[in-house]
There are 2 protein chains.
Amino acid sequence: MTADSSDTEQQSGADVSGRVVAVLGGTGPQGRGLARRLAQAGHRLVIGSRSTERGQSAAETLSADIGAAPGAVTGDDNSGAAAAGEIVIVAVPWEGHGELLESLREELRGKIVVDCVNPLGFDKQGAYALDVPEGSAAQQAAAILPDSTVVAAFHHVSAVLLEDPEVSSFDLDVLVLGEDREATDLVQALAASIPGMRGVYAGRLRNAAQVEAFTANLISINRRYKAHAGVRVTDV
Amino acid sequence: MTADSSDTEQQSGADVSGRVVAVLGGTGPQGRGLARRLAQAGHRLVIGSRSTERGQSAAETLSADIGAAPGAVTGDDNSGAAAAGEIVIVAVPWEGHGELLESLREELRGKIVVDCVNPLGFDKQGAYALDVPEGSAAQQAAAILPDSTVVAAFHHVSAVLLEDPEVSSFDLDVLVLGEDREATDLVQALAASIPGMRGVYAGRLRNAAQVEAFTANLISINRRYKAHAGVRVTDV
């Protein structure tokens, strides 16, 4: 499946088809939702979880749900998924983010690692950004994984919408940040393979913190307007 | 002048007409541009500057440029402008932000203070967020001005577009943050009085830092896409 023409013209022409995409934390809401949409877009998906069994079970459920071709969606533990993926999406909770990546340094060597983790705290007044010693989750990943190419993306996509089978298109841009042009181009193309989404390059990793933290603002917006808010970048 | 219907339905119905709006730093690009558009929207404007003469000169230039009614746009020093304004927009450079507000504590007492300052640094790789001890420029303003109502807004509006007489409408939302509903409603209405703009409530001041810092991402986007990027919030 290709992006529609209005998306394509914004993209670099990077070809993401045929790549194996692994989702670490693929049994959480965000990971599960991204896996669903990327599988529907025709990518080969490996769903990683803390246990092989849970990963496999999630893969079977998703395969049946979307009618995936045999073998198109498989499950494994996070280590197996990281080893299998060419592009590895990190969709785990912030707690344990660094620890997991440290344990997967070998598996992730040479890979494109797409971090979509938002370090947020919650209290009665809603969500707020947590202090991250490295600056951001993405910079923490880059510090832990010097031999991987870390890209930050998919922070603002609503898990509720991703998982809603009634939703067929997404009115939002995926902000993509990183140091490596080839990798950010590829992740932009990955985003654009989901209907309605567009991947927009939005800077280097040193500017990832505010993109992660902005998820707290979207949560405030969702509360106030009873919405599933997303962001579009205008004039691009 | 009123917002068009598509804007109005998103607004609270707060009535911003007839208020005197002061712009501190009204002779810098951002302040000058905001003053121009708010004056064109029919608000009574007072342009503040470090010197009375420069404020008055900017007011005369703007009045002539947009054909303002006599007395609709006046100039003063920042202290005089702060005293005259009911809504006071702070559009000064980050350097000197705190010092200026400390010097205007009396003038700003009881006022709505709209902080649109972005604490950014610049180097060869572009823009990046500066560390702010109070968390954000808006929180610094709130700490310095306990007897004012601080709202954060207008961070992402391109000064180039604001000042371009060829531009008649703006494809962007103004994110409005604050603790006081009446004040954020009013500033949302102020934003919506500029054609194309919409004011969207985006959280409390503790979530202002990432909105300010996101200006660095917009600068990266502008570089990459040769654009004047703005943000629209979808599903709102």
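Computed from the coordinates by the stated procedures, all read-outs in this text should not be read as laboratory data. Fair warning: this is a prediction, and the values are worked out from it, not measured in the lab. Ideal geometry is used to build each Cβ from the backbone, glycine not excepted, and the neighbour counts take in all protein chains shown.
All other residues with a Cβ under 10 Å from the Cβ of residue B:178 taken together, and with Lys, Arg as +1 and Asp, Glu as -1, what is their net charge?
That works out to -3.
Ranked from shortest, the separations from the 7 Å Cα-to-Cβ label point of residue B:180 to its equivalents in the other copies are 5.1 nm.
Stretch residue A:122-residue A:160 to full length: gain in nm at 0.36 nm per residue minus the Cα-Cα span?
Values: separation 38, 0.36 × 38 = 13.68 nm, distance 1.82 nm.
So the chain would gain 11.9 nm between residue A:122 and residue A:160.
Amide H contacts of residue A:120: A:130, each under 5 Å away and 5 or more positions distant or on a separate chain (H built 1.01 Å from N in the peptide plane; Pro and chain starts excluded). For residue B:151, the residues 5 or more places off, or on other chains, whose built amide H falls under 5 Å of its own are B:113, B:114, B:115.
Which of rounded, prolate, oblate describes region B:118-236, given a ≥ b ≥ c as roots of the alpha-carbon gyration tensor eigenvalues and a/c under 1.5 marking rounded, otherwise prolate only if a/b is larger than b/c? Oblate shape, in that a/c is at least 1.5 and b/c is the bigger or equal ratio. Along its three principal directions, the equivalent ellipsoid of region B:11-123 from the Cα gyration tensor extends over semi-axes of 21, 17, 14 Å, largest first. Per-residue ellipticity at 222 nm computed for chain B from its helices equals -11000 deg cm²/dmol, with DSSP H segments shorter than 4 residues left out and the rest contributing -39,500 (n - 2.57).
Plainly put, the tip 7 Å out from Cα toward Cβ on residue A:66 is 5.0 nm from that tip on each other copy, the closest given first. Among residues other than residue A:230 with Cβ under 10 Å from its Cβ, the summed charge is -1 (Lys and Arg +1, Asp and Glu -1).
Listed by Cβ neighbour count within 10 Å, with the fewest neighbours leading, B:170, A:122 appear as A:122, B:170. For region A:183-231, the square roots of the Cα gyration tensor eigenvalues, ordered a ≥ b ≥ c, give a/c of at least 1.5 with a/b no greater than b/c, which places it in the oblate category. Relative to the other identical copies, residue B:105 shows label-point distances of 5.1 nm, where the label point lies 7 Å from Cα along the Cβ direction and values run shortest first. Considering only alpha-carbon pairs that sit under 8 angstrom and 6 or more positions apart, the relative contact order computed for chain B is 20 percent.
In this label model, residue A:54 and residue A:143 are separated by 2.7 nm, measuring between points 7 Å along each Cα→Cβ vector. Across region B:114-125, coupling constants 3J(HN,Hα) worked out from phi with the 6.51/-1.76/1.60 Karplus curve, θ = phi - 60°, read 9, 8, 10, 8, 10, x, 10, x, 9, 9, 4, 8 Hz, and Gly and Pro carry x. Sorting B:225, B:201 from the fewest to the most surrounding beta carbons within 10 angstrom yields B:225, B:201.
Among beta bridges from DSSP that stay inside chain B, the antiparallel ones total about 20%. How would region A:45-177 be classified by its alpha-carbon gyration tensor: rounded, prolate or oblate, with rounded meaning a/c under 1.5 and the a/b versus b/c comparison settling the rest? In terms of gyration-tensor shape, oblate. The amide H of residue A:208, built 1.01 Å from its N in the peptide plane, has no neighbour under 5 Å, considering only residues 5 or more places off or on other chains. So, counting K/R as plus one and D/E as minus one, what does the shell of residues with Cβ under 9 Å around residue A:20 add up to? Result for the local shell: +1. Put the Cα centre of region A:103-117 next to the Cα centre of region B:118-146 and the gap is 32 Å.
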